[in-house]
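Here the structure is laid out as structure tokens; the discussion comes afterwards.
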Ligand SMILES: NC(=O)c1ccc[n+]([C@@H]2O[C@H](COP(=O)([O-])OP(=O)(O)OC[C@H]3O[C@@H](n4cnc5c(N)ncnc54)[C@H](O)[C@@H]3O)[C@@H](O)[C@H]2O)c1
């Protein structure tokens, strides 16, 4: 059986992170030519080693800070130099900062917008001409359940603003990309056990109320999320654009 992403050049951001590493491994196992990147060089290098240990290969640019437009352009240039095309852009990287709104310094708000929204803007704009040139490109933007619903124990004013913007921005890009054969969709995970959430999940005072919001009462795992991205990257989703896949144990459905 042919692999679902055979010969597709897939740029995945934040491959040093938990879901990014899972994505690099699963995309490569489906035949993708993965181009990864991360601001954290040692974590990104570990992902390359993990993909190689699986018997696959990937290239990775690290350290790469995608809040910086020039670094984003360099990542895309490196992908084009190696592979000559980009079929899939999977915007996954990011870092959020949490504080209750009345106490949130504006600097922290702007930092979250920069590290969760600007990081998608720069690399997508740099990739756009290549996505137009590709025969049916796919952009996958990781939003969040926090784009849609607040959680009682999550001081997420900045995170909700950033991920809500990712959701809305993606629909605009889907419209602009349509005539060029570019599909743009979002994935909105709920609480997934990763480097960013592990310590909170282990705190019963936090996890209790979060769990109560779940129809399936366990934290998500990276491999609950990444298969949706494989679907959105593949030909199987060829008529899917402007869509959001909520993968959140039911949190946003009630
Ligand atoms: N974990 C969750 O519960 C959850 C829920 C909803 C959405 N998400 C989203 O999923 C995505 C992946 O998050 P994760 O939970 O795997 O976290 P993670 O911290 O394990 O991975 C994020 C990666 O992004 C990298 N990164 C951060 N800023 C960067 C920058 N400026 N340039 C390049 N790389 C940068 C980090 O170094 C890290 O390796 C994020 O967009 C996050 O907001 C996570």
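Does residue 109 satisfy being touching a residue at least 12 places away in the same chain (Cβ under 8 Å), within 30 Å of residue 213 (Cα to Cα) and more than 14 Å from the ligand (Cβ to nearest atom)? When the stated conditions are applied, residue 109 passes them. Restricting the search to strands (runs of 3 or more DSSP E) fully inside the range 45-157 and requiring at least 3 residues that are under 25 Å from residue 237 (Cα atoms) and touching a strand residue (DSSP E or B) at 6+ places or on another chain (Cβ under 9 Å) gives 88-91, 138-142.
Are any residues in the range 84-106 surrounded by fewer than 18 Cβ atoms within 10 Å (Cβ to Cβ) and either more than 14 Å from the ligand (Cβ to nearest atom) or closer than 26 Å to residue 241 by Cβ (or both), and if so, which ones? Correct list: 84, 85, 99, 100, 101, 102, 103, 104, 105, 106. For the range 1-29, the candidate set comprises residues that are under 11 Å from the mean Cα position of the chain (by Cα) and in a loop (DSSP other than H, G, I, E, B); within that set, the residue that is farthest from the ligand (Cβ to nearest atom) is 15. Listed by first and then second residue, the pairs linking a residue in the range 138-164 that is under 14 Å from residue 121 (Cα atoms) and in contact (Cβ under 8 Å) with a residue 40 or more places away in the chain to a residue that is away from the ligand (no atom under 11 Å from the Cβ) and assigned to a helix (DSSP H, G or I), with Cβ atoms under 6 Å apart and 6 or more places separating them unless they lie on different chains, are 140/232; 141/170; 143/167; 162/113.
Restricting 252, 234, 202, 188 to residues that are out of contact with any helix residue (DSSP H, G or I) (no Cβ under 9 Å at 6 or more places or on another chain) and surrounded by 17 or more Cβ atoms within 10 Å (Cβ to Cβ) narrows the list to 234. Selection of first residues in the range 176-200 that are on the phi > 0 side of the Ramachandran plot and of second residues that are away from the ligand (no atom under 16 Å from the Cβ) and modelled with pLDDT of 95 or more, restricted to Cβ pairs under 6 Å at least 6 apart or on distinct chains, gives the following pairs, ordered by first then second residue: 181/136.
Results for (1) closer than 23 Å to residue 36 by Cβ; (2) more than 16 Å from the chain's Cα centre (by Cα), shown as yes or no for each residue.
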site	(1), (2)
72	yes, no
82	yes, yes
85	yes, yes
88	yes, no
96	yes, no
103	no, yes
108	no, yes
114	yes, no
124	yes, no
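Scanning the range 201-230 for residues that are outside any helix (DSSP H, G or I) and free of Cβ contacts under 8 Å to residues at least 12 places away in the same chain yields 202, 203.
The values are calculated or read from the model by the stated rules, or taken from the named source; none is laboratory data. In this text, all values refer to a predicted model and were calculated from it rather than measured experimentally. Note that each Cβ is placed from the backbone with ideal geometry, even for glycine, and that neighbours are counted across all protein chains shown.
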